[in-house]
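A.B. asks: One structure, pasted below without further comment.
The values are calculated or read from the model by the stated rules, or taken from the named source; none is laboratory data. This is a predicted model, so every value here is computed, not measured. Virtual Cβ from ideal backbone geometry, glycine too; neighbours counted across all protein chains shown. The protein model used for the area step is the full one, side chains on, heavy atoms only, and it has no ligands, DNA or RNA in it. Shrake-Rupley method; radii C 1.70, N 1.55, O 1.52, S 1.80 Å.
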Amino acid sequence: MTSYLSIEHVHKTFGEGPSATEVLRDVDLHVDRGEFISIIGHSGCGKSTVLNIVAGLLETSTGAVILDGKEVSKPGPDRSVVFQNHSLLPWLTVRDNVALAVDKTFKGTKSAAERREWVLQTLDMVGMSHALDKRPDEISGGMKQRVGIARALAMEPKVLLMDEPFGALDALTRAHLQDEVMRIQSELGNTVLMVTHDVDEAVLLSDRIVMMTNGPAATIGEILEIDLPKPRERLAMADNAEYNHYRAEVLRFLHERHKNPESEAA
Amino acid sequence: MSAILDRTLTFGAGRERPAAEASPTQPVARKATTTAARAQPRPGADPAAWSRRLRNTAAVVLPPLIVTAVFLFLWEMMTSSQGAVLPGPSQVISDTWELIVNPFYDYGGNDVGMAWQLLASLERVAYGYALAVVAGIGLGVLVGQSTWAMRGLDPLFQVLRTVPPLAWLPISLAAFQASNPSAIFVIFITAIWPIIINTSVGIRNISQDYVNVARVLRLNGFEYFTKIMLPAAAPYVFSGLRIGIGLAWLAIVAAEMLIGGVGIGFFIWDAWNASMLSDIVLALVYVGLVGFFLDRLVAIVGNWVTRGTQAG
C-alpha cells in the first residue's frame, strides 16, 4: 500500500489494568492525496480519538499512522488541526493568532515580509480581512472558526484535521462555513480528515464517509464512497436522488445497525 | 489533591475579584467612549444631554460624599463630649495642620515630614515586594508545571504561609543583623505566598486547548512560556500580586513599629509614645490612602496586561 495517509491497524486503550477501557480496535484506513474524508459516528465512539492520534496529540497503543512515507509520533504543523472550539489565543489579535502559526512554521523558508503577506492572504481567503486587529472576544463564533481554519490552512499542512469544526455554530453560519471549506478545498486540493456527527455535512463535503461502530472498542463499520461531482451545490443537492440515497445510507447505518447506545439503554 | 482544592478555596475569593471586576469595567469603559464619541460633534449644544450627564455624575459622586460627611459628623459628635479621650476630626486637623501643609520638611534624624515617612515605607515595600514578585512567580511556575515540585513544596508552603509576618522579624533580625534588610525580608516573606499559590493555580488551569495548539505548532519551551503560559496565567498571577501588595502594606507598618527609624510605622509608634493621638489619626488616614492607591495601581496594571485573556 502506498497511500498518502495510512492509519494502520490502530488500537487505543486508555488506562491500565482492570480500569482500562479499549476505545479503538483495529482501525485501518487509507487516504489518498487530496481526498476529503469524514468520520461519522455516535458521540463517544472514539472518532475524535482517531483524529487526535493522526494529529499526534494521542499515542496509539498498537498500530501506526504513516503520512507521506513517515511515521507520525508527535504533533506537528504538517497535520494542522481546526479545533471544535476554535482554540484561538484570546490575548492575540486575529492577525497575530495566524502569524504565530506562520512564523513558527515558515521561519526558515520565508522572509518576514513574505510571512506577513501570507498571513494576510490566508485571512483574506476565509473572508476575515476586515477584522485583522480584533481580538477573539470581539468577533462572532463563526468568525472565530474562520480564523481557526485560516490558522490551520496557513501552515500548509499535508493533512488538514478538523474536529467537529462547525459543531458549535448555528445552522446558517454552519452552512456558510461549509460552503467556504468546499470552495477552499477545491482551490487548494487539501487532504482533509473531518470528524462530524452531522449527516448532511458529511455527505455534502466528503469523497468518502467513514462510519464508526459504537464504542467501547469502536472500529470502522463501513466506508461509503460519495460519487457526486464537485463542486456540489447545497440547494441542487436537496433534490438530488443520489445525494438523498447516500444520506439515507448513512442514516440507516447510524440508526438501524448501530443505534445510539444512550437511546438503547433508555 | 486536597491541597490544591484547599488553595483554590482559600484564594478563591481573591481570585474571583479581578475577573468579576474586569468584566464590568470593560463594558463601562467602552460605553464611556461611545457616549464621548456621540457627544463630540455637538459639544454642549444639547442642554438635555448636559443635564443628563450632570445627573449621572451626581449619582456617582454624591453617595460617597454624603456617607463621608455623615461619618465625619458622627465622629465629631462622639468625640466632642466632655471627657472624650480620642480627638474628633476638627481637632485632628488643627493639631496636625503643620504636618499636613509641610509634608516635606526635614529637621534631621527621625523628625521628617509625612511624605518622607511614607516614602521610606514605600521604598522598603518596593524592595521586598519586587523580590517577592520575581521569586513568587518563579516558584509558582515551578510548582504549577512540575507535579514533583508541587508534591514536595506544597506542604512546606501551606505551613509557612500561615506564619504571621511579625513572627519572622526576630529571626530575620538575627540573620541580617540590621533593621532595614529585616523589614524588607518581612515584606518579602509576607507577599510571596499568594503570588506563588495563585501563579501555580493559573499555570495548572491553562486550558488543554492552548496546550494542544502549542503542541501542533511545536513551540519550544521558551516560546511556550512567553506566548502561552504567561498570558494564560496572567489573570491569576495578577490577583496574587494584588493580594500580595495588600499584605505587604499591612506588614510594613507593624514591622516598622518594631525596627524604628524613618517610616510611617515608627511614626505611629513614636506618636503613641508622645501621646499625640491626632498625629496617629493623620498617619492612619495616609496609610489607608496609600494602601488603596497601591491596590488600584496593581489592579490597573493587571487589567491592562490581561485585557482579552478573560474571554473565551
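A.B. asks: Pairs A:K12/A:K230; A:K70/A:K259; A:K74/A:K230; A:K134/A:K158: which exceed 31 Å Cα-Cα?
C.D. replies: Result: A:K12/A:K230; A:K70/A:K259; A:K74/A:K230 exceed 31 Å.
A.B. asks: With a ≥ b ≥ c the root eigenvalues of the C-alpha gyration tensor of the stretch A:66-110, is it rounded (a/c under 1.5), prolate (a/b larger than b/c) or oblate?
C.D. replies: Since a/c reaches 1.5 but b/c is at least a/b, the shape of the stretch A:66-110 is classed as oblate.
A.B. asks: Right, something else. When only the heavy atoms of the protein chains count and the probe is 1.4 Å, how do B:D95, B:D295 rank by accessible area, highest first?
C.D. replies: B:D95, B:D295
A.B. asks: Right, another one. Specify which residue in the list B:G221, B:A183, B:N102 is farthest towards the positive end of the charge dipole of the stretch B:99-221, using unit charges on the beta carbon of Lys, Arg (+1) and Asp, Glu (-1), about the Cα centre.
C.D. replies: Selected residue: B:G221.
A.B. asks: Note the buried accessible area between B and A here, summed over both chains, with a 1.4 Å probe, in Å² to the nearest 100.
C.D. replies: Separately minus together, B and A give about 2100 Å² buried.
A.B. asks: Tell me the chymotrypsin sites (Phe, Trp or Tyr not before Pro) within the stretch A:32-103 that lie in a loop according to DSSP and have at most 12 other beta-carbon atoms within 10 Å.
C.D. replies: none
A.B. asks: Would you compute, for the Cα atoms of the stretch A:27-73, the largest minus smallest coordinate along each principal axis and list the three values in descending order, in whole Å?
C.D. replies: 32, 26, 16 Å, listed from the longest principal axis down.
A.B. asks: With a 10 Å cut-off between alpha carbons and a GNM built on chain A, which of A:G15, A:G148, A:G44 moves the most?
C.D. replies: Result: A:G15 has the largest fluctuation of those listed.
A.B. asks: Oh, and also: Could you name the aspartates and glutamates in cross-link range of A:K104, using Cα to Cα under 16 Å and dropping any fewer than eight places away on the same chain?
C.D. replies: A:D78, A:D96, A:E114, A:E117, A:E156, B:E223
A.B. asks: So how exposed is A:K230, as accessible area in Å² (1.4 Å probe, rounded to 10)?
C.D. replies: 90 Å²
A.B. asks: Shifting gears a bit: Highest GNM mean-square fluctuation, chain A, Cα pairs closer than 10 Å: which of A:T196, A:T173, A:T122?
C.D. replies: A:T173
A.B. asks: Ordering B:M257, A:M125, B:M276 from largest to smallest accessible area (1.4 angstrom probe), what's the sequence?
C.D. replies: Output order, biggest surface exposure first: B:M276, B:M257, A:M125.
A.B. asks: From other protein chains only, count the Cβ atoms within 10 Å of every residue's Cβ in A:146-156, then give the mean.
C.D. replies: The mean count of partner-chain Cβ atoms within 10 Å per residue comes to 1.
A.B. asks: Could you give the distance between the Cα centres of the stretch A:119-158 and the stretch A:182-198, to the whole Å?
C.D. replies: First find each Cα centre; the distance between them is then 16 Å.
A.B. asks: Just the accessible area for A:F14, please: 1.4 Å probe, Å², rounded to the nearest 10?
C.D. replies: Using a 1.4 Å probe on the heavy atoms, I get roughly 80 Å².
A.B. asks: Pull out a ≥ b ≥ c, the square roots of the eigenvalues of the alpha-carbon gyration tensor of the stretch A:147-258, then state rounded if a/c is under 1.5, prolate if not and a/b is larger than b/c, and oblate in the remaining case.
C.D. replies: Verdict is oblate for the stretch A:147-258.
A.B. asks: Note down the accessible area of B:L65, probe 1.4 Å, to the nearest 10 Å².
C.D. replies: 100 Å²
A.B. asks: Sticking with this structure for a sec: Just by accessible area at a 1.4 angstrom probe, what is the order of A:E256, A:E164, A:E156 from largest to smallest?
C.D. replies: Ranking A:E256, A:E164, A:E156 by accessible area, largest first, yields A:E256, A:E156, A:E164.
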